[in-house]
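Here the structure is laid out as C-alpha cells; the discussion comes afterwards.
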Amino acid sequence: MEINTAEGTALAEVTRPAEDGAGHAFLLVLTHGSGGRVATPDVLAVQAAGLRLGAVAALVTQPYRVKGQRAPGNAHRQDAAWAEVIGVLRGSIGAGLPLIQGGRSNGARVACRTAQAVGARGVIALAFPLHPLGRPERSRAAELAMAGPDVLVINGRNDPFGVPRRAAGRRLVVLDGETHALSRHPDAVGRAAGSWLRKLLGRLSG
C-alpha cells in the first residue's frame, strides 16, 4: 500500500498470518537501513517470527528510498514521516492492536527515536549502529535509550559500527560470526526475535 507523508510516498508491504480471521495479536512494522532495501535476511527473519505469533506485519520502504535516495537526510523530518506512516497503518490495518516496531541500522535508529511518540510497546533494533564508522567517540546510545523499557537489540559481534551495552529492560543478543549485515545466520535472528516477542506479548496480554 502507498502512504502519503510530508516527505513523499512510503510503501508498505502488508502480510497477515495464514489463519486470517482468527484474530491478530499485534501490529509489527519493520523498515530498512539507510541505503538498503527492506527484504534483507535479518528483517525477513523477524517478520517471519512475528507472523508465526499472529502479527499483522508491515515492511515499510521510507519515502527517501522510494525517491531513490540513499541517505535519509534530516532526522527530524524522517521521524515525522515515520510517525505519519505508523498513523496510517494503525488506522487501516492495526486498529486496537499493540504496536511493535523495528528496523535495521538507520531503521533501528528511527524505530528507537520515535517509539515513545507513536506509542510502540516494544522495539526490535537490528544492527543498531552505536557510532559512525571509525568514530567511536560519537555514541548514539542516547537514541537507543529513547526506545523505552522493552527493547531487543541484535548485533553482530564483528560490527564495525559498534555493539551496544546491556541495560535495564534491554535484551541484547550478540551473534558470533556476524558483521553489520546480519546476513549469515538469519535463523538465529529469527529465534531471538521469536523468543523475545513471546515473552513481551505474554506480559502485554497479562
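The values are calculated or read from the model by the stated rules, or taken from the named source; none is laboratory data. This structure is a prediction, so every number in the text was calculated from the model and none was measured. All Cβ positions, even for glycine, are placed from backbone atoms using ideal geometry, and neighbour counts span all protein chains on display. When the accessible area is computed, the model is the full protein with side chains, heavy atoms only, and any ligands, DNA or RNA have been set aside. Shrake-Rupley method; radii C 1.70, N 1.55, O 1.52, S 1.80 Å.
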Inset, instruction - Mind putting a number on the dipole of region 1-112 about its Cα centre? Charges go on the C-beta only, +1 for Lys and Arg and -1 for Asp and Glu, and I need it in Debye to the nearest 20. - result: 320
Legend entry - the chain: most fluctuating residue of Ala120, Ala95, Ala192 per GNM, C-alpha cutoff 10 Å: Ala95
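When the dipole is taken about the Cα centre of the chain, and only Lys, Arg (+1) and Asp, Glu (-1) are charged at their Cβ, what size is it in debye, to the nearest 20?
For this selection, approximately 500 debye.
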Inset, instruction - For Arg191 paired with Arg157, estimate the spin-label separation in nm (one decimal), with each label point 7 Å from Cα along the Cα-to-Cβ line. - result: 1.5
Legend entry - For region 98-205, size of Cβ-based charge dipole, Lys and Arg +1, Asp and Glu -1, in debye: 220
Legend entry - Heavy-atom accessible area order for Trp196, Trp82, largest first, 1.4 Å probe: Trp196, Trp82
Inset, instruction - Calculate the radius of gyration of the Cα atoms of the chain to one decimal place, then report Dmax, the largest Cα-Cα distance, as a whole number, both in Å. - result: 15.6, 50
Legend entry - Nearest-10 value in Å² for the accessible area of Arg104, using the 1.4 Å probe: 20
Inset, instruction - Please work out the ratio of the alpha-carbon Rg of region 1-117 to 2.2 N^0.38 Å and round it to two decimals. - result: 0.99
Inset, instruction - Quick one: compute a quarter of the convex hull surface over the Cα atoms of region 167-206 and quote it in nm². - result: 3.4
Legend entry - Values of log10 I(q)/I(0), in the order q = 0.13, 0.19, 0.21 Å⁻¹, for region 64-179 under a Debye, Cα-only, solvent-free model: -0.51, -1.03, -1.19
Legend entry - Over region 35-75 - Rg/Rh using Cα atoms and the Kirkwood inverse-distance radius: 1.08
